[in-house]
Amino acid sequence: MNKNLNSTWLTSKPIMSKAGVTVVSLALLITSVCCGVAAENYESKLVAAPTPSSEPPLYTANRQPLVPSPFIKLPTGSIIPRGWLHHQLELEKAGMTGHLEEISKWCKFEGNAWASPEGKGHSAWEELPYWLKGYGDLGYVLKDEEIIGHTRKWIEAVLASQEPDGWFGPRSLKTGLEGKPDLWPHMVMCNVLQSFYEYTGDPRVVPFLTKYFKWLNTRPGNNFGAGYWPKLRFGDNIETAYWIYNRTGEPWLLELAKKIHDNMARWDSGVINWHNVNITQGFREPGIYYQQVHDQKVLQIAEQNYEAVMGTYGQFPGGGFGGDENCRPGFTDPRQGFETCGIVEFMHSFEMLLKISGAPVWADRCEELAFNSLPAAMTPDLKGLHYLTCANQVQLDTTNKAPAIENSGDMFAYSPFEVYRCCQHNVSHGWPYYAEELWLATADRGLCASLYSAIEVSAKVGTGGTVRITEETDYPFNEAINFKITSDGPVRFPLYLRVPGWCSGAKVTLNGKPARVESRQLSYIVLERTWKNGDSIRLDLPMHLALRRWEKNNNAVSVEYGPLAFSLRIGERWDTFGNDKKWPEFQVFPTTAWNYGLAFDEKNPEKSFKLVKKSGLLPPQPFVPENVPIEIRASARKIPAWRQEANGLVGKLQPSPVKSQEPIETVTMIPMGAARLRITSFPVIGNSSDAHEWSASKEPPVSASH
Ligand SMILES: [Zn+2]
């Protein structure tokens, strides 16, 4: 799947996610597999993805003629998140998403076009569905009756708004594009209703959606190529068409899906639009449509689209790319920004493609964004967010940074308000959707730990009995993951454990004894046996400090440990602004130097880096500098000529190696997700003949007094 990604681990195997990168592992990789005397009965194998069994799946999965699903989403509510992820969800409830009805005018129920039986009123576009999509799922994953009650209020109103022909919601959208319907906001509202059905089983939902799709099916093909946003994002409705089809079997839905595919923007011909959110939603469309056409080449186009974007614009850590608002040729430095909508939509796409393809690389990519970029996009209390998150971002102020950043105006400061109107609503689904995908049912009636987190999951397996699994871990801050099985009696099923691309030598311990398993990066270890109540499994995913070299970005380097990227810890000064005392907005300014290049011996880099793990319990919110459980000490020298520009933006990288006569200092690096100010792509200090002098910026340096 990754043959076009030319990134390499010099001592081991290719990593998954970046094109044009070299990675040097700083430690010898453990490759041996424990082979103690195993008294437990089990079969183990290593697979690339589950293969369907002759028995029908235990959960609603693809019906023929759609391709069989390697992985199947568990019913919403099956997975109860614990640990730090649960805390993010609690913070989300207490933060802006949980209170958006009081913050956002688009979420006011009174007079809202989405809540009116006649579809008349204000706020008739994407904002309300964007918010409700994540807000409802937040309630379902937390099993929070208060949130679910508020969600129901909106959904009852939406269900009551359907016209005899199937249209629902704002009537103005029905003719919103020069007489043609603006179908984009409804794509999002379909997702709201799908989740509501998955959690409640409400019998009105599938007929309601079917009726709307029947209306869609009366539209001429050119309706699916209309408008800027709809035609680029229509893959979302193809996904919903399959979702309904899998529950009703009505074949016209597949004809409609084909009609949509044939008339919408052709993502199967490559990256046909460079708007960051259009990319993060649109690139996957061939992967969705592959399910209907059964052609692996069509599935592969989604991968090619991903590589085409990341190979040029994603040449820095964090899992995102520079698209601030659009990707622009020449704007590939790690100071370019990635929109918060882009972060959550990319994660959603990866979650979909994981289930469709079975390929574990999509889970790796999802974790990379979830751990490194999503937390940094928000304040630690989730009461504010910004529009753009950058790998190198040393000051979050309101100053206009265009044209270096494409969007003008305030893009970096934190706010819960409409200055970031789309992200303000759309960020809601990031953590809840992630929490729903942590475990998946497999095509062969087993279960897969697809994204690692502390959880409890209950699911049907094998011949249909229910098993409960608790997963205890501080992952990604710890490499040990402990599973415990609870069941009423013996139950046979395959248990899939994902081996990430960065992990060599995963080990499994079964009931205290080393299990004989093979391990390979980007695969699944499968343990099949008749599981008993109380069985315990320990999975160790050894993490190593690794240096990644960004050859396409001036030979900069970044430091990684397992799935975590590390950033220079920069002192932060948070200044409030705005007039709302309850919902303050913040600019964040650096209080310590940030202009360091890393100084290390290329032949023995491990001597220049030290991993420091803090003891004690993992703090509930690890994504703040003072709470990080892991730090890295690194040797560095300042580069005096590397400065902020007058608008506060960090200067662009220049080619490494870079000369510096400044004294060696020991600097601290913290996980990127905890660093609201950060340098993550570093110049490399070198004093060899090929080293460069850093040219002072033509821009005057920014004043030190803010
Ligand atoms: Zn946005």
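Give me the dipole magnitude in Debye, nearest 20, for the chain about the Cα centre, with unit charges on the beta carbon: positive for Lys and Arg, negative for Asp and Glu.
Numbers: 71 positive and 76 negative charges, 201 e Å.
Charge dipole of the chain: 960 debye, to the nearest 20.
The Cα atoms of the stretch 572-706 cover 57, 43, 19 Å along the three principal axes, with the biggest extent listed first. Work through the residues other than Pro619 whose Cβ is under 11 Å from its Cβ and net out their charges, Lys, Arg +1 and Asp, Glu -1. Taking every other residue near Pro619 into account, the sum is -1.
Would you mind working out the accessible area per residue for the stretch 66-182, using a 1.4 Å probe, and quoting it in Å²?
Using a 1.4 Å probe on heavy atoms only, each residue of the stretch 66-182 averages 35 Å².
Summing charges over neighbours of Thr398, with a neighbour being any other residue whose Cβ is under 12 Å away from its Cβ, gives -3 when K and R count +1 and D and E count -1. Potential lengthening of the chain between Asn478 and Asp295 amounts to 61.9 nm, from the contour at 0.36 nm per residue minus the alpha-carbon distance. Once the mean of 1/r is taken over each pair of separate Cα atoms and inverted, the stretch 314-435 shows a Kirkwood hydrodynamic radius of 14.5 Å.
Here the sum of -39500 (n - 2.57) over DSSP H runs of 4 or more residues, divided by the residues of the chain, equals -8000 deg cm²/dmol at 222 nm, to the nearest 500.
Whole number in Å², please: accessible area per residue of the stretch 200-241, 1.4 Å probe, ligands, DNA and RNA not counted.
34 Å²
Placing a pseudo-label 7 Å from each Cα along the Cα-to-Cβ vector at Asn511 and Leu617 gives an inter-label distance of 3.2 nm.
Sorted largest first, the spans of the alpha carbon positions of the stretch 523-589 along the three principal axes are 61, 42, 19 Å. The Cα center of the stretch 576-619 and the Cα center of the stretch 88-111 differ in position by 30 Å. Each of Gly512, Trp694, Val557 was scored by the projection of its Cα onto the charge dipole of the chain, and the greatest displacement toward the positive side belongs to Gly512; charges sit on the C-beta of Lys, Arg, Asp and Glu.
In the context of the full set of protein chains, residues of the stretch 503-579 present 34 Å² of accessible surface per residue (probe radius 1.4 Å, heavy atoms only).
In whole angstrom, the stretch 63-187 maps to an equivalent ellipsoid with semi-axes of 28, 22, 12, each derived as √(5λ) from the alpha carbon gyration tensor and ordered largest first.
Calculated on the Cα set of the stretch 416-575, radius of gyration then Dmax: 19.4, 59 Å. Mean projection of the Cα convex hull over all viewing directions, computed for the stretch 148-219: 4.7 nm². In the chain, the portion of solvent-accessible area held by carbon and sulfur atoms comes to 51 percent [1.4 Å probe, whole percent, DNA, RNA and ligands not counted].
Highest first, please rank the peptides 183-196, 545-558, 145-158, 464-477 by the mean number of other Cβ atoms sitting within 10 Å of their residues.
183-196, 545-558, 464-477, 145-158
The stretch 263-317 and the stretch 152-191 have Cα centres spaced 27 Å apart. Taking 0.692 mPa s as the viscosity and 37 °C as the temperature, the Stokes-Einstein diffusion coefficient of the stretch 252-383 based on its alpha-carbon Kirkwood radius rounds to 215 µm²/s. In a fully extended conformation the segment linking Thr470 and Asn222 would gain 84.3 nm over its present Cα-Cα distance, using 0.36 nm per residue. Greater than 23 Å separation of Cα atoms is the criterion. Which listed pairs, Lys73/Lys259; Lys108/Lys180; Lys552/Lys659; Lys93/Lys211, meet it? Result: Lys73/Lys259; Lys108/Lys180; Lys93/Lys211 exceed 23 Å. Over all projection directions, the Cα-based convex hull of the chain averages an area of 29.5 nm². With N the number of residues in the stretch 342-390, Rg(Cα) / (2.2 N^0.38 Å) evaluates to 1.25. For the stretch 595-668, the direction-averaged projected area of the alpha-carbon convex hull comes to 6.9 nm². Rounded to the nearest angstrom and listed largest first, the equivalent-ellipsoid semi-axes of the stretch 233-297 from its Cα gyration tensor are 21, 12, 10.
With charges set only on the Cβ (+1 for Lys and Arg, -1 for Asp and Glu), what does the dipole of the stretch 339-428 come to about its Cα centre, in debye to the nearest 20?
Dipole size: approximately 60 debye.
Between Asp262 and Ser54, what is the FRET efficiency for a Förster distance of 30 Å, r being their Cβ-Cβ separation, to the nearest 0.05? The pair Asp262/Ser54 has a calculated efficiency of 0.30. Computed over the stretch 369-427, the quotient of the alpha carbon radius of gyration and 2.2 N^0.38 Å is 1.07. Summarised in one figure, the compactness ratio Rg/Rh of the stretch 628-678, Cα atoms and Kirkwood Rh, is 1.00.
The equivalent ellipsoid of the stretch 190-339 has semi-axes of 31, 17, 14 Å, largest first, where each one is the square root of 5 times an eigenvalue of the Cα gyration tensor. Extension gain, Thr592-Thr668: 0.36 nm per intervening residue step, less the Cα-Cα distance, totals 26.2 nm. For Ser695 and Arg421, a Förster radius of 45 Å and the Cβ-Cβ distance give a FRET efficiency of 0.70, rounded to the nearest 0.05.
The values are calculated or read from the model by the stated rules, or taken from the named source; none is laboratory data. Bear in mind that the values here come from a model prediction, so they are computed numbers and not experimental data. Don't worry about glycine lacking a Cβ; one is built from the backbone with ideal geometry, like all the others, and counts go over all protein chains shown. Side chains included, ligands, DNA and RNA excluded: accessible areas come from the protein's heavy atoms. Shrake-Rupley method; radii C 1.70, N 1.55, O 1.52, S 1.80 Å.
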